[in-house]
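The values are calculated or read from the model by the stated rules, or taken from the named source; none is laboratory data. All values reported here derive from a predicted model rather than from experimental measurement. With ideal geometry, Cβ positions are generated from the backbone for all residues, glycine too; neighbour counts draw on all protein chains shown.
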Amino acid sequence: MKLDSSISAVITGGASGLGAATARRLAASGVKVALFDLNAEAGEKLAAELGGVFCKVDVTKEDEVDAGFAKARAAIGQERILVNCAGTGNAIKTAGRDKTTGEIKAFPTANFERIIQINLIGTFRCIAKSAAGMLTLPVLPDGDRGAIVNTASVAAQDGQMGQASYSASKAGVVGMTLPIARDLMGEAIRVNTILPGLFNTPLLQGAPEKVKEALAASVPFPKRLGDPGEYAALAEFMITNGYMNAESVRIDGAIRMAPR
């Protein structure tokens, strides 16, 4: 798919971090961008900077996702590109003892379900609705009708202690990449997934310097946190390379996560 001003894109989680970097990279090629996010202040600011549109969307809510796509399409046209970056995590052991009282506790199921709702079901919800919209468009001369990029995590393959819900949600994203690509293969829509390692996103930027230095040192090479722009470059490659389909690709400096 050639990127230019005739192409529109929706980026979930687009107000910051990996999503914002991807929005900037696509906009630099002339692509019209719509940002889905909960952070209205950051989203509106970036949308204004890029000449795009911001849509306040909680990906766990069907009506908000529908309204977001409607607003985006009214402003910039039906998207041919969807990049799913909306997501979150937590760190709770499956079962354990309270360090103070010694009380035995189990992982609250509601907390587990919340992560699955956001990271996995929210991603699928946006894929299904975006793909349905893409089907209204003609196939481009290069053979593509649309391209979808999802965000999983290296935790999908080597999750750490306390990451049962996060790892399950991201493994689900990896697991559904191939069947969704097969669902859409007759409609000229490609689907790929990125598994980022340790990236310098807002989630880590608030951590103490010593913590960030230790995390960077744990990366085999290069010994640093990933730059969101590097994620964006891989997303762009997946979008523009017409033979890239149904792949799940790690971008992690060769890290393999230890148990803790």
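Here are the numbers:
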quantity: Number of positions in region 180-229 that are within 23 Å of Cys126 (Cβ to Cβ) and surrounded by 16 or more Cβ atoms within 10 Å (Cβ to Cβ); calculated: 15
quantity: Selection from region 47-57 of residues that are more than 16 Å from Ser29 (Cα to Cα), surrounded by 14 or more Cβ atoms within 10 Å (Cβ to Cβ) and without any contact (Cβ under 8 Å) to a residue 24 or more places away in the chain; calculated: Val53, Cys55, Lys56
quantity: Residue within region 250-258 that is more than 30 Å from Asp4 (Cβ to Cβ), exposed (fewer than 13 other Cβ atoms within 10 Å of the Cβ), modelled with pLDDT under 95 and more than 18 Å from the chain's Cα centre (by Cα) present; calculated: yes
quantity: Filter result (at pLDDT 95 or above, among the β-branched types (Val, Ile, Thr) and either at positive phi or under 18 Å from the mean Cα position of the chain (by Cα) (or both)) within region 190-219; calculated: Val191, Thr193, Ile194
quantity: Strands (runs of 3 or more DSSP E) fully within region 1-83 counting 3 or more residues that are within 27 Å of Asp142 (Cα to Cα) and at pLDDT 95 or above; calculated: 8-12, 32-37
quantity: Check on Thr136, more than 17 Å from Thr240 (Cα to Cα) and not in a helix (DSSP H, G or I); calculated: yes
quantity: Filter result (on the phi > 0 side of the Ramachandran plot and surrounded by fewer than 15 Cβ atoms within 10 Å (Cβ to Cβ)) within region 141-162; calculated: Gly143
quantity: Residue count, region 184-198 (criterion: in a loop (DSSP other than H, G, I, E, B) and under 27 Å from Leu225 (Cβ atoms)); calculated: 2
quantity: Within region 104-126, considering residues that are in contact (Cβ under 8 Å) with a residue 40 or more places away in the chain and touching a strand residue (DSSP E or B) at 6+ places or on another chain (Cβ under 6 Å), the one surrounded by the most Cβ atoms within 10 Å (Cβ to Cβ); calculated: Thr123
quantity: In region 188-235, the residues that are among the hydroxyl-bearing types (Ser, Thr, Tyr) and touching a Phe, Trp or Tyr at 6+ places or on another chain (Cβ under 7 Å); calculated: Tyr231
quantity: Residue list for region 217-231, restricted to those being out of contact with any Gly (no Cβ under 9 Å at 6 or more places or on another chain) and aliphatic (A, V, I, L, M); calculated: Ala217
quantity: Looking only at region 73-103, and only at residues there that are basic (Lys, Arg) and touching a residue at least 24 places away in the same chain (Cβ under 8 Å), the one that is farthest from Lys32 (Cα to Cα); calculated: Lys93
quantity: Residue match in region 158-180 (condition: more than 30 Å from Ala95 (Cα to Cα) and small (Gly, Ala, Ser)); calculated: no
quantity: Sole exception among (1) surrounded by 13 or more Cβ atoms within 10 Å (Cβ to Cβ); (2) in contact (Cβ under 8 Å) with a residue 12 or more places away in the chain; (3) more than 20 Å from Met1 (Cβ to Cβ) for Glu44, by number; calculated: (2)
quantity: Pick from region 234-243, criterion outside any loop (DSSP other than H, G, I, E, B) and surrounded by 15 or more Cβ atoms within 10 Å (Cβ to Cβ), ranking: farthest from the chain's Cα centre (by Cα); calculated: Thr240
